[in-house]
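What follows is one structure encoded as structure tokens, with my remarks underneath.
The values are calculated or read from the model by the stated rules, or taken from the named source; none is laboratory data. The structure displayed is predicted, hence computed values, not measured ones. Glycine also receives a Cβ, built like all others from the backbone with ideal geometry; neighbour counts cover every protein chain displayed.
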Amino acid sequence: MKVVILCGGQGTRLREETEYKPKPMVEIGGRPILWHIMKHYAAFGFKEFVLCLGYKGDVIKDYFYHYGLHRGDATITLGKSHGVEFHDRHPEEGWKVTLAETGENAMTGARVKRAAKYLDKEPFMLTYGDGLADVDLKELLRFHKSHGRLGTVTGVHPPSRFGELMVKDEKVLTFSEKPQTHSGAINGGFFVFEPGFLKYLSDDDACVLEQKPLEKLAKNGELNVYNHPGFWQCMDTYRDVLLLNKLWDGGKAPWAA
């Protein structure tokens with residue numbers, strides 16, 4: 001099963017890092033967050049990836065094209081076509097990475113639609129290039145197959161960044177600093193879709209996956225939620241970058257394979 005990863009956004013809220021590289025290439029522990037996401041999928045046996053490129057996609061292309069060169073020793077024979085001999089093996093050997101140009105200004109739905117030609121009309125997984133989690137992907141897939149609908153979205157319950165007040169008649173009844181959200185799940189990515197879902201998408205740049213396509217899918221009763229109560233963290237701000245690096249550096253990264 002192939003894994004589609006959305007890698008084309010401009011990351012405007014993280015401009016400290018994304019001025020010269022796309023958001024999925026922002027590093028956690030010296031490796032791009034994209035690498036961490038792919039390692040998580042690979043740990044469950046999913047090693048075929050379709051990366052939907054956009055903003056500064058050439059940076060991602062260069063990273064994977066020169067992957068072996070940067071990961072170990074090599075001998076290069078100058079003047080010879082393909083004259084590179086790699087001396088070290090790495091755990092990522094066997095990954096198949098398709099680098100799909102999906103447009104500089106395309107929205108998420110359009111990107112998936114344009115990458116569909118690489119999906120072989122088969123079910124596929126889909127996620128964002130800026131979120132990490134310890135989702136059990138085998139269990140997610142089992143759940144998806146069990147309900148027989150076109151789509152599954154992983155619902156997550158991230159902690160609030162602000163203190164929560166319960167108030168009655170101007171009196172604070174309870175105060176909870178940064179509580180875990182239990183009132184309702186939010187979209188955490190880590191989708192599974194049947195090929196029939198692609199009909200809900202448009203090639204138009206303005207097609208946003210999270211708007212009409214998923215709204216219509218839900219309205220038609222074709223979208224189920226896989227509840228994930230464990231770790232999930234998106235990388236929207238520099239504060240998030242610092243948090244994820246702290247977890248990794250401290251050996252407390254729940255997503256680590």
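Being surrounded by fewer than 18 Cβ atoms within 10 Å (Cβ to Cβ) and of a type outside the set (S, T, N, Q) is the requirement here; does P91 meet it? Answer is yes for this residue. Within the range 77-85, the presence of a residue that is among the small types (G, A, S) and within 26 Å of D240 (Cα to Cα) is excluded.
Here's the yes/no breakdown for (1) over 19 Å from T12 (Cα atoms); (2) within 18 Å of the chain's Cα centre (by Cα); (3) in a loop (DSSP other than H, G, I, E, B); (4) among the acidic types (D, E):
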residue	(1), (2), (3), (4)
L198	yes, no, no, no
D205	no, no, yes, yes
E210	no, yes, yes, yes
N224	yes, no, no, no
G230	yes, yes, yes, no
Q233	no, yes, no, no
L247	yes, no, no, no
G251	yes, no, yes, no
W255	yes, yes, yes, no
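Conditions (1) modelled with pLDDT of 95 or more; (2) of a type in the set (F, W, Y); (3) buried (at least 17 other Cβ atoms within 10 Å of the Cβ); (4) not in a helix (DSSP H, G or I), marked per residue:
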| site | (1), (2), (3), (4) |
| --- | --- |
| V112 | yes, no, yes, no |
| E139 | yes, no, no, no |
| F143 | yes, yes, yes, no |
| G155 | no, no, yes, yes |
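If you take the residues in the range 28-74 that are in a strand (DSSP E or B) and without any contact (Cβ under 8 Å) to a residue 40 or more places away in the chain, which one is farthest from L140 (Cα to Cα)? The selected residue is A74. Residues of the range 235-245 that are acidic (D, E) and in a loop (DSSP other than H, G, I, E, B): D236 alone.
Among the residues making up the range 1-56, those that are closer than 22 Å to Y238 by Cα, of a type in the set (K, R) and surrounded by fewer than 22 Cβ atoms within 10 Å (Cβ to Cβ) are R13, R15, K21, R31, K56. Test E93 against the stated conditions and say whether it is over 30 Å from T237 (Cα atoms), free of Cβ contacts under 8 Å to residues at least 12 places away in the same chain, in contact with a Ser or Thr (Cβ under 7 Å, 6 or more places away or on another chain) and among the charged types (D, E, K, R). Against the criterion (over 30 Å from T237 (Cα atoms), free of Cβ contacts under 8 Å to residues at least 12 places away in the same chain, in contact with a Ser or Thr (Cβ under 7 Å, 6 or more places away or on another chain) and among the charged types (D, E, K, R)), E93 does not qualify.
Rundown of residues vs (1) of a type in the set (D, E, K, R); (2) more than 20 Å from G188 (Cα to Cα), yes/no style:
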residue	(1), (2)
V84	no, yes
D88	yes, yes
N105	no, yes
G131	no, no
L137	no, no
R149	yes, no
